[in-house]
Amino acid sequence: MKENLIKLLSQEKILPILRSNDAQTVIDWANALIEGGVKIIEINAQNPSIYKAISEVSKHANVCAGGIITAMQAEASIESGAKILSSPIFSKNLVKISKDKEIPYIAETSTANEAYNAWKARNELSITLATSTDEILSESNAFTSPKSLMFCRL
């Protein structure tokens, strides 16, 4: 199942990220996306009420729990039905949970050192945030793994 989720992530053309303090708002937005054909949705777990949304949405789509920085958030998200974890930081503790639970973990890295540490930990997915398109062009050959992604915030 883990490999299928990674393959699905690479095939999807969009990964919407939903952020709200209100679980029902997140559920409503997710339902609209699911009706439109979206198969994977990231829900930012910014407060405990959002686990209700993760639980509900995961019945109809693959949920990536976003904004995960603690083991407690990771465990609660997985128990609520999240199939993927996403974090704005690279954490060896989250890598361990990911491997123990056999669930993909997307680690955001912003420096070459962070990206190297994610690779060294054998994290299957990492996202490097570039600050410009020039940075993407200069670093795009730095990692040859097809599971390393690079995004640019403009």
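The values are calculated or read from the model by the stated rules, or taken from the named source; none is laboratory data. The model shown is predicted, which means the values in this text are computed figures rather than measured ones. So basically every Cβ, Gly included, is an ideal-geometry build from the backbone, and we count neighbours across all protein chains shown.
Would a scan of region 69-78 turn up a residue that is over 26 Å from Thr109 (Cα atoms), β-branched (Val, Ile, Thr) and out of contact with any helix residue (DSSP H, G or I) (no Cβ under 8 Å at 6 or more places or on another chain)? There is no residue in region 69-78 that is over 26 Å from Thr109 (Cα atoms), β-branched (Val, Ile, Thr) and out of contact with any helix residue (DSSP H, G or I) (no Cβ under 8 Å at 6 or more places or on another chain). Of all the criteria given as (1) among the small types (Gly, Ala, Ser); (2) touching a Pro at 6+ places or on another chain (Cβ under 8 Å); (3) surrounded by 14 or more Cβ atoms within 10 Å (Cβ to Cβ); (4) farther than 20 Å from Ala121 by Cα, the one not satisfied by Ala23 is (2). Applying the criterion of being in a loop (DSSP other than H, G, I, E, B) and hydrophobic (A, V, I, L, M, F, W, C) to the residues of region 6-35, the residue that is nearest to Glu102 (Cα to Cα) is Leu15. Taken together, Ile17, Ile40 contain a single residue that is surrounded by fewer than 17 Cβ atoms within 10 Å (Cβ to Cβ) and closer than 27 Å to Asn117 by Cβ, which is Ile17. If you go through region 85-103 and pick out every residue that is over 16 Å from Gln46 (Cα atoms) and out of contact with any Ser or Thr (no Cβ under 7 Å at 6 or more places or on another chain), you end up with 12. The sole residue among Glu56, Glu75, Glu79 that is exposed (fewer than 14 other Cβ atoms within 10 Å of the Cβ) and farther than 29 Å from Tyr116 by Cβ is Glu79. Of the helices (runs of 4 or more DSSP H) entirely within region 36-154, those holding at least 3 residues that are at pLDDT below 90 occupy 92-101, 112-120, 133-139. Is it fair to say Leu94 is surrounded by 17 or more Cβ atoms within 10 Å (Cβ to Cβ), within 19 Å of Asn4 (Cα to Cα) and in contact with a Phe, Trp or Tyr (Cβ under 7 Å, 6 or more places away or on another chain)? No: the conditions fail for Leu94. Look at Leu9 and say whether it is buried (at least 19 other Cβ atoms within 10 Å of the Cβ), touching a Pro at 6+ places or on another chain (Cβ under 9 Å) and modelled with pLDDT under 90. Yes: the conditions hold for Leu9.
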